[in-house]
Amino acid sequence: MRAGEQLQVVLGWNLLLLVVCQLDLDSTQWRDCPQLLPKVLVGYVPRGNESAGVYKKNSDTVTTPGCVALCCEQSSCNVVFMFKETCFLIECDSDSLCEPVLREGPQFGNNVRMVLVRPVNAGGRWGDISDIPPPVDYSRDKLWFSNNLQDLDMAESSLDKVCLMDCPDHEHCSVATGTCVCDEGYLRNRQGDCISAGNMTAVSALLLSPSRESTESPSSTKVSEGLDSTSKLPVQTLHVSVVSKIVRLPENGAALSAYTIPAELPGGEKYNYEWTLISQPEGSSKGTMTDKNGETLKLSNLSEGVYQFKVAVSGPGVYGEALANVTVMPPKRINRPPVAIVKPASKTVKLPNTGAVLDGSSSYDDDDIISWHWELQKGPLGYQPYLQDSPTLVLNNLNITGNYTFTLTVEDSDHEKNS
């Protein structure tokens with residue numbers, strides 16, 4: 001062996017020994033991550049999308065290994081998510097929302113990676129997630145992990161996986177991953193359920209961009225911009241108003257219309273509407289709702305009482321809701337006119353007495369009498385009394401001989417009169 005060759009070999013071994021020692025020194029960090037799933041899941045994002053939990057951007061590292069090390073140091077961190085060289089530490093709301101879901105398309109693939117560090121529930125396990133294979137082998141990450149965890153393996157691509165349980169409504173089993181994915185036209189909401197795509201109210205440039213569960217693809221430049229460094233992605237508030245209605249039986253129908261600001265989405269696109277019944281009169285079950293997904297809700301067969309409805313209006317990146325009441329009044333009462341009664345019907349006053357009392361308080365109505373009015377119909381010449389409008393008329397100046405005739409007129413709450 002020549003001197004130059006010998007020197008090259010010695011330098012090579014020195015370099016190798018230096019790397020191994022450094023890794024041995026750092027290996028103690030994994031004592032805090034006994035539940036770490038030793039796989040780099042390439043091309044996967046959390047099942048709950050941007051609602052999987054709180055995303056915290058960390059600029060201290062640009063590598064998957066460094067991001068995992070940071071996550072292990074934080075007890076609240078459950079999952080590592082890498083977009084290119086950007087590290088996100090996810091504090092998951094639940095294990096199911098952070099389950100990895102394979103995303104297809106050029107903007108995903110090698111650009112996104114996940115590592116499952118610790119389940120949300122203490123003592124929990126990642127279950128059958130360990131069978132999910134990433135399609136691309138990151139040899140750099142594999143080498144790094146293998147030097148720190150002997151049992152780490154990089155999952156290889158496989159086909160025709162079988163789901164271990166029946167998929168819920170609006171989902172089907174993906175043979176590529178062995179997991180349940182949403183049917184066409186459905187997206188997974190905050191709770192992890194697949195609902196109609198028209199009812200999604202929050203749009204994230206990265207996590208709500210469709211994969212197997214949708215058809216549109218956002219540009220990759222929006223991915224890093226769409227994730228907030230400290231909290232979940234905000235949804236713009238849509239101002240919604242509904243005018244409450246009052247109807248009176250026998251009319252038993254009404255219509256409620258939702259008004260939004262702005263009235264339409266950019267480009268003239270329509271909002272999505274969903275009306276729901278919040279409360280109704282006790283014992284009422286015959287009412288019907290029509291056009292529950294339209295701008296105007298039509299109601300029929302209503303009963304006496306108060307109904308409360310909520311409308312939720314949504315569009316791409318916007319959401320708003322409002323409450324409204326429909327009050328059904330009882331049928332209007334058939335009014336009967338009041339009856340005026342004066343007691344005594346006639347009275348004789350002999351001078352020197354000059355006073356008398358006429359009582360109209362016995363007058364009655366089927367609802368309520370709201371006014372009494374006394375008038376002098378006939379009396380001696382020059383007699384001009386002051387007559388107070390009250391149920392009882394008190395006279396104390398009858399000092400002229402002659403006949404006095406007084407009339408009482410009563411008025412009820414429906415403004416009908418009787419004398």
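Looking at region 354-372, which of its residues are closer than 27 Å to G402 by Cβ and either assigned to a strand (DSSP E or B) or free of Cβ contacts under 8 Å to residues at least 12 places away in the same chain (or both)?
Of everything in region 354-372, those that are closer than 27 Å to G402 by Cβ and either assigned to a strand (DSSP E or B) or free of Cβ contacts under 8 Å to residues at least 12 places away in the same chain (or both) turn out to be A356, V357, L358, D359, W372.
Would you confirm whether or not region 299-309 contains a residue that is farther than 30 Å from V247 by Cβ and surrounded by 12 or more Cβ atoms within 10 Å (Cβ to Cβ)? Even if it seems obvious, please write down each step before you answer.
Restricting attention to region 299-309, the residues satisfying the condition of being farther than 30 Å from V247 by Cβ are none.
Looking through region 299-309, none of the residues is farther than 30 Å from V247 by Cβ and surrounded by 12 or more Cβ atoms within 10 Å (Cβ to Cβ).
Going residue by residue through region 313-320, is there one that turns out to be loosely packed, with under 12 Cβ neighbours inside 10 Å and aliphatic (A, V, I, L, M)? Don't jump to the end; show me each part of the working.
Our first condition is that a residue be loosely packed, with under 12 Cβ neighbours inside 10 Å; within region 313-320, this holds for none.
The answer is no, given that none of the residues of region 313-320 is loosely packed, with under 12 Cβ neighbours inside 10 Å and aliphatic (A, V, I, L, M).
Counting only residues that are modelled with pLDDT of 70 or more, farther than 9 Å from Q35 by Cβ and not β-branched (V, I, T), which one in region 108-134 is surrounded by the fewest Cβ atoms within 10 Å (Cβ to Cβ)?
Checking each candidate, the answer is A122.
Are any residues in region 270-283 in a strand (DSSP E or B) and surrounded by 14 or more Cβ atoms within 10 Å (Cβ to Cβ), and if so, which ones? Break it down stepwise before answering.
Initial filter on region 270-283 (in a strand (DSSP E or B)): 272-279.
Listed by number, the residues that qualify are N272, Y273, E274, W275, L277.
Out of the residues in region 321-377 that are closer than 30 Å to L297 by Cα and aliphatic (A, V, I, L, M), which is nearest to the chain's Cα centre (by Cα)? Even if it seems obvious, please write down each step before you answer.
We begin by selecting, within region 321-377, every residue closer than 30 Å to L297 by Cα; these are 321-333.
Checking which are aliphatic (A, V, I, L, M) leaves us with 322-324, 326, 328-329.
Values: A322: 10, L323: 12, A324: 16, V326: 21, V328: 27, M329: 31 Å.
Checking each candidate, the answer is A322.
Restricting to region 335-353, name every residue that is part of a loop (DSSP other than H, G, I, E, B) and under 28 Å from H415 (Cβ atoms).
Taking region 335-353 and keeping what is part of a loop (DSSP other than H, G, I, E, B), we get 335-338, 340-342, 344-353.
N335, R336, P337, P338, A340, I341, V342, A345 - these are the residues of region 335-353 that are part of a loop (DSSP other than H, G, I, E, B) and under 28 Å from H415 (Cβ atoms).
Restricting to region 335-358, name every residue that is farther than 22 Å from N399 by Cβ and either surrounded by fewer than 16 Cβ atoms within 10 Å (Cβ to Cβ) or modelled with pLDDT under 90 (or both).
If the condition is that a residue be farther than 22 Å from N399 by Cβ and either surrounded by fewer than 16 Cβ atoms within 10 Å (Cβ to Cβ) or modelled with pLDDT under 90 (or both), then N335, R336, P337, V339, I341, K343, A345 are the ones that fit.
Looking for whichever is part of a loop (DSSP other than H, G, I, E, B) and more than 20 Å from the chain's Cα centre (by Cα) here; the options are K298, K292, K286. Which one fits?
Details: K298 fails: part of a loop (DSSP other than H, G, I, E, B); K292 fails: more than 20 Å from the chain's Cα centre (by Cα).
Going through K298, K292, K286 in turn, just one is part of a loop (DSSP other than H, G, I, E, B) and more than 20 Å from the chain's Cα centre (by Cα): K286.
Examine region 373-383 for a residue that is in contact with a strand residue (DSSP E or B) (Cβ under 8 Å, 6 or more places away or on another chain), closer than 30 Å to S284 by Cα and modelled with pLDDT under 90, and state whether such a residue exists. Step through it out loud before you land on a result.
Going residue by residue through region 373-383, those that are in contact with a strand residue (DSSP E or B) (Cβ under 8 Å, 6 or more places away or on another chain) are 373-379, 383.
From what's left, closer than 30 Å to S284 by Cα: none.
For region 373-383, residues in contact with a strand residue (DSSP E or B) (Cβ under 8 Å, 6 or more places away or on another chain), closer than 30 Å to S284 by Cα and modelled with pLDDT under 90: absent.
Scan region 295-312 and report the pairs whose first residue is basic (K, R) and whose second residue is assigned to a strand (DSSP E or B), with Cβ atoms within less than 7 Å and a gap of 6+ or a chain change.
Going by the 7 Å Cβ cut-off, the qualifying pairs are K298/A255; K298/T290; K310/T276; K310/I278; K310/E321; K310/L323.
The values are calculated or read from the model by the stated rules, or taken from the named source; none is laboratory data. Keep in mind that this is a model prediction, so the values were computed, not measured. Cβ sites come from the backbone with ideal geometry, for glycine too, and all protein chains shown count toward neighbours.
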